[in-house]
Amino acid sequence: MDPSEFSPVRVLADLRRFEEGAGERFSVVVEGIQRDAFAVRYRGGLFAYLNTCRHELLPLDFGDAHFFDGDYDALVCCHHGARYRPETGECISGPCEGGRLTALALEERDGGLWCVGVKRAE
């Protein structure tokens with residue numbers, strides 16, 4: 001995707017209110033299609049992904065922005081239990097093991113959190 005085709009989206013107006021373990025849902029337009037997305041704060045880092053499980057293209061949550069498992073060590077799909085590393089989006093167990101969530105780039109601006117595009121694979 002050409003970065004010029006992506007319009008930045010404000011995820012949160014006040015990043016200070018985004019607590020450890022919190023999740024936030026938002027929408028982005030990727031390649032002309034509106035998609036659900038989410039951001040989480042994990043171990044002090046900020047991570048964002050399209051809210052689409054690699055198994056059956058369903059959202060990871062039930063619409064409640066709850067993405068972590070009880071052990072707080074993985075993002076978990078509420079439908080089939082696929083588990084993803086919060087830092088990378090890599091599926092570490094479940095029906096889509098080895099797959100990855102689509103990562104989104106985040107920036108802090110004027111005290112808020114913005115999604116500024118799709119991250120390129122490294």
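In the Gaussian network model of the chain, springs joining C-alpha atoms below 10 Å, which of Arg35, Arg16, Arg100 carries the largest mean-square fluctuation?
Arg16
For the chain, with a Gaussian network of springs between Cα atoms less than 10 Å apart, report the residue from Asp71, Asp110, Asp36 with the top mean-square fluctuation.
Asp71
Amide H of Gly112: which non-local residues (sequence gap of 5 or more, or other chain) have their own amide H closer than 5 Å, using H built in the peptide plane?
Residues meeting the criterion, in which the H sits 1.01 Å from N, are Leu15.
Starting from the 7 Å offset along Cα-to-Cβ, what nm value, one decimal, do you get for the label separation of Tyr72 and Arg120?
With each label placed 7 Å out from Cα toward Cβ, I get 3.6 nm.
Using a simple spin-label model with points 7 Å from Cα along the Cα→Cβ vector, what separation in nm is obtained for Asp14 and Ala105?
2.9 nm
Taking amide H positions as placed in the peptide plane 1.01 Å from N, state which residues far from Cys53 in sequence (5 or more) or on other chains have amide H under 5 Å from it.
Hits under the 5 Å cutoff: Leu58, Leu60.
By how many nm would the segment from Glu90 to Arg43 lengthen if fully extended, with 0.36 nm per residue of separation less the alpha-carbon distance? Mind showing how you got there, number by number?
Numbers: separation 47, 0.36 × 47 = 16.92 nm, distance 1.68 nm.
The span from Glu90 to Arg43 would gain 15.2 nm if fully extended.
Go through the stretch 44-57 residue by residue and turn each phi into a ³J(HN,Hα) via Karplus (6.51, -1.76, 1.60, θ = phi - 60°); whole Hz please, and just put x for glycine and proline.
My calculation for the stretch 44-57 gives x, x, 10, 9, 9, 8, 5, 8, 9, 5, 6, 6, 10, 6 Hz in order.
State whether the chain is rounded, prolate or oblate according to the following rule on the C-alpha gyration tensor (a ≥ b ≥ c being the square roots of its eigenvalues): a/c under 1.5 gives rounded; otherwise a/b larger than b/c gives prolate, and the remaining case gives oblate.
Details: a/c = 1.76, a/b = 1.22, b/c = 1.44.
Because a/c hits 1.5 or more and a/b fails to exceed b/c, the chain counts as oblate.
Since every read-out is calculated from the coordinates, none of them should be taken as a lab result. As the structure is a computational prediction, the values presented were derived from the model and not from experiment. Methodologically, a virtual Cβ is constructed for each residue, glycine included, from the backbone with ideal geometry; neighbour enumeration extends over all protein chains shown.
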